[in-house]
Every structure is written in C-alpha cells, then in structure tokens.
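Here is the structure we will look at.
Every read-out reported here was derived from the displayed coordinates using simple, explicitly stated rules and does not represent laboratory data. Everything numeric in this text was worked out from a predicted model, so none of it was measured. Here the Cβ is made from the backbone with ideal geometry for all residues, glycine too, and neighbour counts use every protein chain on show.
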Amino acid sequence: MTVVMTELAPYAVTGTNSRGRIIGEPSPGARSEFQRDRDRVIHSTAFRRLEYKTQVFVNHEGDLFRTRLTHSIEVGQISRTIARALRVNDDLAEAIALAHDLGHTPFGHAGQDALNECMKDHGGFEHNLQSLRIVDVLEERYGAFDGLNLTFETREGILKHCSLANAKKLGDLGQRFLEKRRPSIEAQVCNLADEIAYNNHDIDDGLRSGLLTLEQMREVSLFSRCADAAVAEYPAISGRRLVHETIRRTINALVTDLLAETGRRIEAASLSCLNDVHIAPTLVGFSAEMHSENMQLKAYLRDNLYRHYQVLRMTSKARRIIADLFNIFMDDPRLLPPQYQRMAEGDKTRAIADYIAGMTDRYAMKEHGRLFAVGGV
Ligand code: MG
C-alpha cells in the first residue's frame, strides 16, 4: 500500500499562520516549529516525571497499569491519527498531547483536588495552568529563557480550561476564554483524544486489577457491542485477548464516529482559514448517539472504578499526604529544599504548590515519611 502525503487543510495551523514564540528564535532547520515543540516537551524534566505519577492506580500497585507517561503517549497516538485524517497539523496535535498533563500533581485527581483545596485562599491550583507554568516558567534548560519557549498554538492547546479570573491574567493566551473563541482544531482533537484514551485504558486497567469484571462491563452498550463483534469474529476467544479485541474496537468506533461527525461539522462551517475555526462552534466531537454512549461509559467508570472502595482508600491517603506536606511547609518554609526556599521568598504559597505538584507519587510518600514518620525513614 502506498502512503499518500496529503496537504494540510486551509484551516490547519501551520508555521506560516502561527503566532510564534514569545522569544524569537532561528528557524529549526530540518524540523517544523511544532516538531521542535514536541521534542522540547519530550526532553523536559516534567515529562520524565510522568512515568511515576498516577493515572488511576498508584505507580507501585503494579507494573502494568497506565501512568501519566503512558497515558500521554496514548493520547499522542490517537491525536496524531485523528489530526492526520482531518488534514490538520499532526505535529502540533502531538506536541499538545504530550504536554497536556505535565502539570499534574502526584496521585492523580485526588492530589490535584487536595492541592487546590490547600491553595483556595491563594489563587487555587489548576493542573492545566500548572502545565502552562511548567512550559513557560519552571523548566530550566535554556540559557536564553525560562521554560521551553513553545509556540503560541502549543501553549493554547495546553490551556484547555481556565477560570475567567485566571484568563484575565494570561494576556493573549487568556483572551479566547474572555471572548468565547474556540482553540485550533488540533487542540480540540487532543481534548477528545485524551478522553478516548483514558476511558479505554481505564477499562483495561480496571479489568486487569479485578475491580471491574467483563460480565459487569456488559452493562455498557458500546463495550457490549464491541465484545459481541470480537466474539463473532473469534468464537473461542476469552480472557485478556477478549479484553484487548474489545478495547481496540471501542477505540476504533469512537475515533471513526468522531472523524465522520467532525467532517460533517467542518463542512457545515465552510471554513476557509484558521480564524474561521476560532469563531465557529466546537468542531471536533462525537455524533449525538456516540456522545450518549460515551457518557454512559464515563458514568459507569465513575461509579464502579473511580469510586471503588479500594481506589477511594488510595485517594483518601493521597489527600492527607498532600495536605500534610502543604501545611508543614506553610508553617516552616525552612523545611523546603534550598531552591524552593529561594522561590518562597517571593510567593511562598505558589513555591510550595510548585514543589508539591512536581513530586512523583513515590517522592511525595518518601518526603511525607521523612517529615512525619517517628524515627524517620
Ligand atoms: Mg490526560
């Protein structure tokens, strides 16, 4: 089979219509600007730390569960597939996907909720904003600037949500939230690729852990239909192979539906340039039927996996660890490592949040032990 190289659609983000970087840099030569963004993300410290950050299961609970790193790679894969099929910029979509979770705290959403609660009188904590802060400020890799100096479009895609109060502080990047304009199609693609990736890998991890069972999962119409299709093709199939043959079909069904629906919306919007994307309604989405099936799947995972008592035991412990660390550093910032002590001389609470948010799961547990365990560890 020959691979046909297709030209980008007129509404795709390109090196030509890009709003560029905050600090001007020479052209990247053999790479595109967005390949350069992706490569900077891959080489960052925050990206490597994702390997030891929880998605749903804490990293040490098993070697086969997703971590934020493998999750981000799966989001990158799905984003690239969709972006290329829509003839938009797949390098940009991949750069956004690999960077989208850089700002996550240890212990998944439980960690972020706990840190947000600790920060409620100090500007709050949002992981999207923290991802942006990492690529704009916190990474220390270049002589000429703080952060990674990524293009406007990659930064726009990273900032998926943002409160209006925060948007006002973000200048150009916050403007679209105030004006209710949509981000690029590439950013919209990553948003849904994230959802497709985590719904499906959480089913896989849930089944692998034994917290979910195949029989139970039959309540979910999309899963049930895909399992039937797998059995129809391979009548003797069971166990892990059945799980994988089902999940590859659910991912495929979601992506196929999304491509068809998005194609229809793009056509209806008669886009002729990138600016048309910003003023059009949301373009990347599922059909109404698939949207409701996807909602059923999400509700099922929420009720049966994320609120499973074994998961709640972990999230309760995680909340306590984060709150304990925050409180002890607030009481005595001299306990912070020297680099963060210096930052704390400026904005104490933000420096503490940066330190805690940057921790991996196991680092947070060790640090908690060092500070609280009687007899030390
Ligand atoms: Mg994600």
Open item on the list: From Cα pairs below 8 angstrom and at least 6 apart in sequence, can you work out the relative contact order of the range 265-377, rounded to a whole percent?
Closed with: 16
TODO: List the relative contact order of the range 229-290 as a percent without decimals, with contacts defined as Cα pairs under 8 Å and 6+ residues apart.
DONE: 33
Task: Principal axis dimensions, largest first and in whole angstrom, of the chain by Cα - done: 61, 52, 36
Task: Choice from Leu335, Leu86, Leu274 with maximal GNM fluctuation in the chain (Cα, 10 Å cutoff) - done: Leu335
Open item on the list: Suppose only helical runs count, i.e. DSSP H with n ≥ 4. What mean residue ellipticity at 222 nm does that imply for the chain under -39500 (n - 2.57) per run, divided by all residues and rounded to the nearest 500 deg cm²/dmol?
Closed with: -18500 deg cm²/dmol
Open item on the list: Could you tell me the relative contact order of the chain? Use alpha-carbon pairs under 8 Å, at least six residues apart, and round to a whole percent.
Closed with: 21
TODO: Mind checking which aspartates and glutamates have their Cα closer than 19 Å to the Cα of Lys180? Skip sequence neighbours fewer than 8 apart in that chain.
DONE: Glu153, Glu156, Asp172, Asp276
- [ ] At 7 Å along the Cα-to-beta-carbon direction for both Ala229 and Glu25, put a label point, then send me their distance in nm to one decimal.
- [x] 4.1
Open item on the list: On a full-extension model of 0.36 nm per residue, what is the gain between Arg350 and Glu140, subtracting their alpha-carbon distance, rounded to one decimal in nm?
Closed with: 73.9 nm
TODO: Mind checking the range 198-290 for trypsin sites (Lys or Arg not before Pro) that DSSP puts in a loop (not H, G, I, E or B) and that have at most 14 other Cβ atoms within 10 Å?
DONE: Arg218
TODO: Select from the chain the helices, each a whole stretch of DSSP H, whose alpha-carbon atoms run 30 Å or more along the helix axis and whose Kyte-Doolittle mean is at least 0.5; answer none if there are none.
DONE: none
Task: the range 215-235 versus the range 68-122: alpha-carbon centroid distance in Å - done: 29
TODO: Report the calculated FRET efficiency for Lys169 and Glu219 (r = Cβ-Cβ distance, R0 = 56 Å), to the nearest 0.05.
DONE: 0.80
TODO: Multiply the residue gap between Ile279 and Arg265 by 0.36 nm, knock off their C-alpha separation, and tell me the result in nm, one decimal place.
DONE: 3.7 nm
Open item on the list: Where in the chain is the longest stretch that carries no GluC sites (Glu not before Pro) classed as loop by DSSP and with at most 15 other Cβ atoms within 10 Å?
Closed with: 8-139
Task: Stretch gain in nm, segment Val374-Asn17, where the contour uses 0.36 nm per residue and the Cα spacing is subtracted - done: 122.6 nm
